[in-house]
Structure formats: C-alpha cells, structure tokens
Amino acid sequence: MPHVIVKLWPGKSEQQKKQLAEVITKDVAGTVKELVQQGKVKHFGLSEAGAETIRRAHAVLPVTALQSEYSLWWREPEAEILPTLEELGIGFVPFSPLGKGFLTGAINANTKFASDDFRNNVPRFSAENRKANQVLADMIKRFADQKKATPAQIALAWLLAQKSWIVPIPGTTQLHRLQENIGAVSVQLTPEDLRELESAASKITVQGARYPEHLQKLVGR
C-alpha cells in the first residue's frame, strides 16, 4: 500500500505561505483522506513544512511523519517544529543527518566537488565556510575517538538520542557506509555524553546558509 509524502514549495511572501497552508489543508490533505478511506493510501507525510501547515494538515488527516533537515549543524527544527510534532504525536525523519557529508570528517576546505555536485551552490560549503566549520567536524571526531566510533555514528547516535520518534535517514550509495550508519544504533550515548556534546556544540557558530537564498525562499516555514 502506498504512502503519500507532500513536499512543500511555497512562495516568497507570508501571504503566499498562508495560502499554501490552506491549499494543503483543503485540497491535498482532503484528497489523501479520501484515498485512505478507499484503502489506496496508508500513511500521510509532509516534507519541509512549517508548524502552521503541519497543524492545518493534521486537523484534516493525521500526519504520520515529517521530513526536514536536522543535525548537529542544522538545529532550526528545535525552535518550533519538534515541539509541534511532539504535541501532535507525529514522527520525524531528518534528512541530511550527516550535514551532507560534512559531519563525517571526510570533507575539508581543500575538498573538490564534482561539477554537478549540489554542494557547489550551497553557501555553507564554500571553501571559506568549510574552513570555519572545521571546528565542528573536529569536535565530533574527538568525541568519536573517545567512544571508539566513527564521526558519522556519533552524529546519528546524537539524533537517535534526542527523541524516540526521531529516525534519521542518511543517504549513501556505498555498502560499507550503509553498514557504518547502521552501527550507530549500537553507540550508547549517556546523559553525560549528551551534555558534553551539547556544551561543545553550543560554543560553535556554524557559518554559511544551508541553501542559496533563492532556494531558501522556497522552503515552507
């Protein structure tokens, strides 16, 4: 049985965003509700939706999960999204939980991306910002060494430890990376570990926007 995930591409103005939220509520959520009643769809999810849109859609048809970016270097969801999801009982599947590869420690200021790599257009991945953000990757690496784990496993284990209803979705095309990522579930972070990570991360200001300006305006907040 299929699952439906709605990805939002709202306009630039607050009025357009409000109109989009209304469309999601009246049209999309309503249509999916009919499909659920017909037995053609099992679950309904949203991607990159703001708190208002989530509430509107959930009032029409229970939202099973939200997909949005969340990691040790992008924590905006903590302000409004996570409290909303917890209140409504909605699951969260963070994409780019490894910071598009940066948190693994495999990328630095000297890394050269392929000409068609999306990161070439991401401000956070400029050589200057990669150099400035190296302090975060180094901090995770030091912590990983202490725990006899990899930086990727620490980044994923941190996410898994935030809430029981958070399930990160790292992407890879390599089997050994998949196996490494799966190993994160075996990394046990104690309350003291989490406090140490939080304390260290709070002292670091990540440089660079996560999207170019023209793309950031398309994200539903």
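Read-outs: derived from the displayed coordinates by stated rules, not from any lab. Bear in mind the structure is a predicted one, so any value in this text is a computation, not a measurement. A quick note on method: Cβ atoms are made from the backbone with ideal geometry, for glycine too, and the neighbour counts reach across all protein chains shown.
Express in nm, to one decimal, how much length is gained between S126 and E76 on full extension, taking 0.36 nm for each residue of separation and deducting their alpha carbon distance. Please report the intermediate quantities before stating the final value.
Numbers: separation 50, 0.36 × 50 = 18.00 nm, distance 2.07 nm.
Extra length from S126 to E76 when fully extended: 15.9 nm.
3J(HN,Hα) couplings calculated from phi for the stretch 142-155 with the Karplus curve 6.51 cos²θ - 1.76 cosθ + 1.60 (θ = phi - 60°) are, in sequence order, 4, 5, 4, 4, 5, 8, 6, 9, 9, x, 4, 5, 5, 4 Hz; Gly and Pro show x.
Ranked from highest to lowest mean number of other Cβ atoms within 10 Å per residue, what is the order of the peptides 50-61, 130-141? Please list the in-between numbers first.
Values: 50-61: 20.6, 130-141: 18.7.
Packing proxy ranking, top to bottom: 50-61, 130-141.
Distant-in-sequence amide contacts of A209, defined by a placed amide H-H separation under 5 Å and a gap of 5 or more residues or a different chain, comprise R124.
If you take every residue apart from F102 with its C-beta less than 10 Å away from the C-beta of F102, what net charge results, scoring Lys and Arg +1 and Asp and Glu -1? Each step should come with its number before you reach the end.
Details: positive: K100, R119, R124, R130; negative: none.
Value of the local net charge: +4.
Close amide H pairs (under 5 Å, H built 1.01 Å from N) link G91 with A65, L66, residues at least 5 positions away or on another chain. Over the chain, Cα pairs under 8 Å with separation of 6+ residues give a relative contact order of 23 percent. Listed values for the stretch 172-180 are Karplus-derived 3J(HN,Hα) couplings in whole Hz (6.51 cos²θ - 1.76 cosθ + 1.60, θ = phi - 60°), namely 7, 10, 10, 4, 5, 6, 4, 5, 4, and x replaces Gly and Pro.
A simple rule links phi to the HN-Hα coupling: the Karplus curve 6.51 cos²θ - 1.76 cosθ + 1.60 with θ = phi - 60°, which for the stretch 125-133 gives 9, 5, 4, 4, 6, 4, 4, 5, 8 Hz, with x for Gly and Pro.
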